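> Sending over a structure as structure tokens; questions will come in a sec.
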Amino acid sequence: MSDFTEAELAAIRSEAERTYELDRAHVFHSWSAQAQISPMVISRAQGPYVFDGEGTRFLDFSSQLVNTNIGHQHPAVVQAIKDQADLICTINPAHGNAARSEAARLITELTPAGLDHVFFTNGGADANEHAVRMARLHTGKHKVLARYRSYHGGTQTAINITGDPRRFANDRGDSGVVHFFGPFLYRSEFDATTEAEETERALRHLERTIQLEGPQTIAAIVLESIPGTAGIMIPSPEYMQGVRRLCDEYGLMLIADEVMAGFGRAGKWFAFEHFDIVPDIITFAKGVNSGYVPLGGVIMSDDIYATFAERAYPGGLTYSGHPLACAAAVATITAMHEENMIDNAAKLGAEILGPRLQEFSEKYPNVGETRGVGMFWALELVRDKETREPLAPYGGSSPEVAEIVGKLKAGGVLPFNNFHRLHVVPPLNISADELNAGLDVFEQVLSEAHYT
């Protein structure tokens, strides 16, 4: 049974046809060879569902770019944007604004003591740009350490601290960034056989990198608390505590990139809470208002704030703390509290998502490993469980992975795919029935996959 009447479907199809024609004529898409793509038209969205140009419904197990944490068209957030538009649509960030002030209050109520000030940006990439800038100016040092298998954004500094192939085309080796290997036991760079070995050897590697690069030249270590697009590799608490210890010992700032993992995605307000550490700087975006209006930010320690108390910070954005975006953040955070979305993400992750994905890795030949927490999971697709050969090359895709993705879509699920991995990242407020329905499609497709 269709979600739409025949008249509504006809209108959707007509609109979608024109949308596609204009898109192909005029829109330049990110991360794409323009002549090789055929964008899926999304005509409507509601809750955990999106609808294509034919009116076909899909469970959104991608949360788009892992940012619609509260699902689509949440009525309280939509209404807050409308109400703010009636009052003030935009304002110079030099002025005070009620939506911005309230958003800052609500955000810093979620952070540890001593992290009480927010610089608002337009998204995650420029949040990481400004976090690095603040760390450099605060310490008077220039180098930044960042791990391989990471993603921090597409602007110049953010793409250079990124540790995956999207960096290559714009990396000239003169950005002041040094990459290191983080812990990832399934594909260990340290010949480790246990999590304890992986942690100890990864920390030793990081400390030697600091020593050999010269701590007097290094401003900060930048880490996704839980790497997102790069594979949802969850570090041990001992590793993250070890990084914090090294930063303290050598006088480095610890920047926790919470752009993807934050605001409930990992079953806590911030993913670093899983590791009992306190960063010097936190960056955020995406889930803070589910992307309804672009917003990101940098939360800084009191020490860093004090650096700019009597000295102007050399940076700003026309739309910093945009009223519509901040009103959406206020409504989103309020809804997350009132509807217990963080608890729901943690509960369903532990009781349904994790156990079912683990079953897939045990039962199906092309699923090598599952990893995750909350509503933040990844499946490693492999050709062989023993050799762990990926089903697609690092930095690329393959016909086999494309076929799996196509079958998931045909089954009514919109997946998130990166290289040889499927990420399972539905909205935090998805119901148990909806989650199981999507996982049933995954199980059917993976049970039929037999690639060697």
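The values are calculated or read from the model by the stated rules, or taken from the named source; none is laboratory data. In this text, all values refer to a predicted model and were calculated from it rather than measured experimentally. Note that we place each Cβ from the backbone using ideal geometry, even for glycine, and neighbour counts take in every protein chain shown. Areas reflect the complete protein model, heavy atoms only, side chains present, ligands, DNA and RNA absent. Shrake-Rupley method; radii C 1.70, N 1.55, O 1.52, S 1.80 Å.
> Once you have the alpha carbon radius of gyration of the stretch 273-430, what is it after dividing by 2.2 N^0.38 Å, with N set to its residue count?
Compared with the compact-globule rule of thumb, the stretch 273-430 sits at 1.34.
> Before anything else, pin down the relative contact order of the stretch 1-151: Cα pairs under 8 Å, at least 6 apart, normalised by residue count, whole percent.
In percent, rounded to a whole number, it is 13.
> In whole Hz, what ³J(HN,Hα) sequence does the stretch 136-146 give by Karplus (6.51, -1.76, 1.60; θ = phi - 60°), x for Gly and Pro?
Each residue's phi maps through the Karplus curve to give 5, 5, 5, 8, x, 10, 10, 5, 10, 9, 9 Hz.
> Between His95 and Glu17, what is the spin-label point distance in nm, taking each point 7 Å from the Cα along the Cα→C-beta axis?
Label-label distance for His95 and Glu17, simple model: 4.6 nm.
> Starting from the Cα coordinates of the stretch 105-256, work out the convex hull volume and express it per residue in Å³.
121
> For the chain, what D do you get in µm² per second when you plug the Kirkwood radius from alpha-carbon pairs into Stokes-Einstein at 37 °C and 0.692 mPa s?
Rounded, D is 144 µm²/s.
> Compute the Rg to Rh ratio over the stretch 220-353 from the alpha carbon atoms, using the Kirkwood formula for Rh, and round to two decimal places.
With Rh from the inverse mean 1/r over Cα pairs, Rg/Rh is 0.99.
> Ok, one more. D for the stretch 238-292, whole µm²/s, Stokes-Einstein with Kirkwood Rh over alpha-carbon pairs at 25 °C and 0.890 mPa s: what number?
Translational D for this selection: 209 µm²/s.
> Could you sort the peptides 290-299, 68-77 by per-residue average Cβ neighbour count (10 Å cutoff), highest mean leading?
Per-residue Cβ counts within 10 Å, averaged per peptide and sorted highest first, yield 290-299, 68-77.
> I need the peptides 434-447, 397-410 ranked by packing, meaning the mean over residues of other C-beta atoms within 10 angstrom, with the highest value on top.
Per-residue mean Cβ counts within 10 Å order the peptides as 434-447, 397-410.
> So for the stretch 1-125, what are the equivalent ellipsoid semi-axes in whole Å, largest first, each being the square root of 5 times an eigenvalue of the Cα gyration tensor?
Semi-axes (√(5λ), whole Å): 35, 19, 16.
> For a quick protection proxy, order the peptides 103-114, 49-60 by their average other-Cβ count within 10 Å, most packed first.
The peptides rank, most packed first, as 49-60, 103-114.
> Accessible area of the chain with a 1.4 Å probe: how many percent of it is carbon plus sulfur?
About 51 percent, which is the carbon plus sulfur part of the accessible surface.
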